[in-house]
Amino acid sequence: MKKIPNNKAWFLVLPVFLLVAFSAIVPIMTVVNYSVQDIFDQNTAYFVGAEWYREMLRSPRLLDSLLRQFSYSFSVLLIEIPLGIAVALMMPAKGRMASVSLILVAIPLLIPWNVVGTIWQTFSRADIGLFGWSLNAIGIDYNYASNAGDAWFTVLLMDVWHWTSLIALLCYSGLRAIPEAFYQAARIDRASSWAIFRFIQLPRLKSVLVIGVLLRFMDSFMIYTEPFVLTGGGPGNSTTFLSQALTKMAIGQFDIGPAAAFSLIYYLIVLLVCYLFFTIINLQDKAK
Amino acid sequence: MQMNKRKTLGMTAYLLFILVPIYWLLNMSFKRNDEILGALTLWPNDFTFDNYITIFSDPSWYMGYVNSMIYVSMNMAITLVVALPAAYAFSRYKFVGDKHLFFWLLTNRMAPPAVFLLPFFQLYSSVGLFDTHIAVALAHCLFTVPLAVWILEGFISGVPREVDETAFIDGYSFPRFFIRIFLPMIRSGIGVTAFFCFMFSWVELLLAKTLTSVEAKPIAAIMTRTVGAAGIDWGLLSAAGILTIVPGILVIWFVRNHVAKGFALGRV
């Protein structure tokens, strides 16, 4: 749709702007303020300039959790996107079963995040949880509380359980929007089901997948509550993701300055990745 | 036929994957603590409603649910009221800084929560809103509003501009046109947006916990007190968890017919 240039439209946007600015700008300026000071208590603080930024970029602990964060987010995307598309393709298209499976698939999205943590905490305990107990029963030595690899696997599995539904529902609605005529044309051409998927369904899913990838990237990058409840970041530091490392630093050790500096670095990274993603997609759209 | 069978099989497997952990929570919520810790049983040996009775008879427990509901509904109302005109503006007009504003709105979802909690606490304390429902509702607007604008913009763009123009020629003023003609046309979009607001506000814990202490404490924060000196009261914790899932199922039941269209965010 062609848009009419009209600056009076700002009046319609103003409420949103003010509302979001109230909760966004003051806190972020406060964090910027923290990040350039060495804070001892409420009344004693020294201006230190960019020192925290330099120190944080050299700190191995935080770089470790950043690396862990990236590999986690990419694993999440790598599993959830294909699985979500597959689930969407498998979901019944109409009738009572469609409504039922829609509701069941959506359930994990509506559970408070700490409850998700609780569910998996109990479900995968080796002694009293069905999942952990079954794994041990078939001879796999599994204990997420003591083995770093198991803990990582459990957090990943929990995320897949929790969020694949979002991708599935996004794709499901994308698929429903494809006109029947497309499939008829494909049948006349005797297209294989792979060809139908590759040349009809996948291109029409692009716009919803963009949203899905962005949401999943942003949210998995700042995941906090679920692994905190599930493993508390352990064993060792194996599941201490960025948010948690920062919380430990800011609240546990009261190193607010460095934590703030790193938060901002981290914020900029997410911003940059999303911006690049957006720009690439937009460029592709324009090229068409 | 072969294809359909495979599909049903795959779907069943996925649904089992989703439902079994929830069943486990449900199963535990009907057990006493010693049974939970004693042995692994697929069905409660000693079926009990005690955990639920504890929750429903203690105001400090069930008020948590009430508090959560209150701020979630406030958040839905505020979000819709401000996001509707904004989405209309983004969909119909070009204005100075529109693209940047839109991206800026979305960036607010990306802020890492940990270090921002302290400034949030200070901000809301300084304006005297600490421990009120409205504080949590406003704070949650930070991520529900951008999403709402995004979703509604998609739906509004689906309505042809001729509708607006005809209404103006017929002598409708903008507010009257917007409320009487436009809103009914995008009502499924509004329903879906409300659902998304619910989804993201109901599940959020960190901000809600930070901005409240007694009066407006959300259920998710109250749940943490099942961790006592004698260890965790698993039964009570499970029952509380099950009760947090129920409102979500009710909400999705109401919007089930619009979900397919709505999850596409009006954008397909």
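Structure notes:
- For B:185, B:28, B:63, B:223, order by how many other beta-carbon atoms lie within 10 Å, fewest first: B:185, B:63, B:223, B:28
- Judged by the gyration tensor of its Cα atoms, with axes a ≥ b ≥ c, region A:26-287 is oblate; a/c meets the 1.5 cut and b/c is at least as large as a/b.
- Within chain B, the whole DSSP H helices whose Cα atoms reach 30 Å or more along their own axis and whose mean Kyte-Doolittle score is at least -0.5 are B:2-29, B:59-92, B:133-157, B:234-263.
- For the residues B:101, B:15, B:117, a GNM of chain B with alpha-carbon springs under 10 Å puts the largest fluctuation on B:15.
- Distance from the alpha carbon centroid of region A:36-92 to that of region A:113-192 works out to 23 angstrom.
- Qualifying chymotrypsin sites (Phe, Trp or Tyr not before Pro) for region A:207-275 [loop in DSSP, other Cβ within 10 Å: at most 12]: A:254
- Exposure proxy for A:216, A:125, A:58: other Cβ atoms within 10 Å of each Cβ, ordered fewest to most, give A:58, A:125, A:216.
- Nearest 10 degrees, 0 to 90: helix A:256-287 Cα axis against chain A principal axis: 30
- Stretchable slack from residue B:66 to residue B:174, in nm (0.36 nm times residue separation minus alpha-carbon distance): 35.1 nm
- For chain B, the square roots a ≥ b ≥ c of the C-alpha gyration tensor eigenvalues yield an a/c of 1.5 or more together with a/b not exceeding b/c, which makes the shape oblate.
- Label separation (residue A:182 vs residue B:7): 1.5 nm, computed from points 7 Å beyond Cα along the C-beta direction.
- Candidates A:75, A:243, A:65, ranked by Gaussian network fluctuation over chain A, Cα under 10 Å, top entry: A:75
- Euclidean distance between Cα centres, region A:226-288 to region B:83-143, Å: 19
- Number of partner chain Cβ atoms within 10 Å, mean per residue of B:14-26: 6
- Restriction of the chymotrypsin sites (Phe, Trp or Tyr not before Pro) in region B:1-99 to DSSP coil positions whose beta-carbon has at most 10 other beta-carbons within 10 angstrom yields B:47.
- Candidates B:19, B:142, B:118: whichever shows maximal mean-square fluctuation once chain B is modelled as a Gaussian network with Cα springs under 10 Å: B:19
- FRET efficiency, residue A:210 to residue B:162 (Cβ-Cβ, R0 41 Å, nearest 0.05): 0.90
- Relative exposure of A:135, B:205, judged by other C-beta atoms within 10 Å (fewest first): A:135, B:205
- Compared with the dominant Cα axis of chain A, that is its longest principal axis, helix A:10-35 is turned about 40°.
- Shielding of B:79-90 by partner chains, average beta-carbon count, 10 Å: 5
- With contacts taken as Cα pairs under 8 Å and at least 6 residues apart, chain B reaches a relative contact order of 33 percent.
- With contributions of -39500 (n - 2.57) from each DSSP H run of at least four residues, the per-residue ellipticity at 222 nm computed over chain A stands at -23000 deg cm²/dmol.
- For the segment A:172-182, counting C-beta atoms of other chains within 10 Å of every residue's C-beta and taking the mean gives 3.
- Flagged links, alpha-carbon separation over 24 Å, of A:206/B:5; A:206/B:99; A:8/A:206; B:31/B:209: A:206/B:5; A:8/A:206; B:31/B:209
- Point-to-point label distance, residue B:16-residue A:96, nm (Cα→Cβ direction, 7 Å offset): 2.3
- Within straight-line cross-link reach of residue A:248, aspartates and glutamates at Cα separation under 18 Å, skipping those fewer than 8 residues along the same chain: A:38, A:41, A:55, A:64, A:226
- Note on residue A:286 and residue B:104: the model spin-label points, each 7 Å out from Cα along the C-beta direction, lie 2.2 nm apart.
- Principal-axis tilt of helix A:148-176 within chain A, Cα atoms, nearest 10 degrees: 40
Every number in this text was worked out from the coordinates using simple rules, so none of it is lab data. All values reported here derive from a predicted model rather than from experimental measurement. Counting neighbours? That spans all protein chains shown, and the Cβs are built from the backbone with ideal geometry, glycine included.
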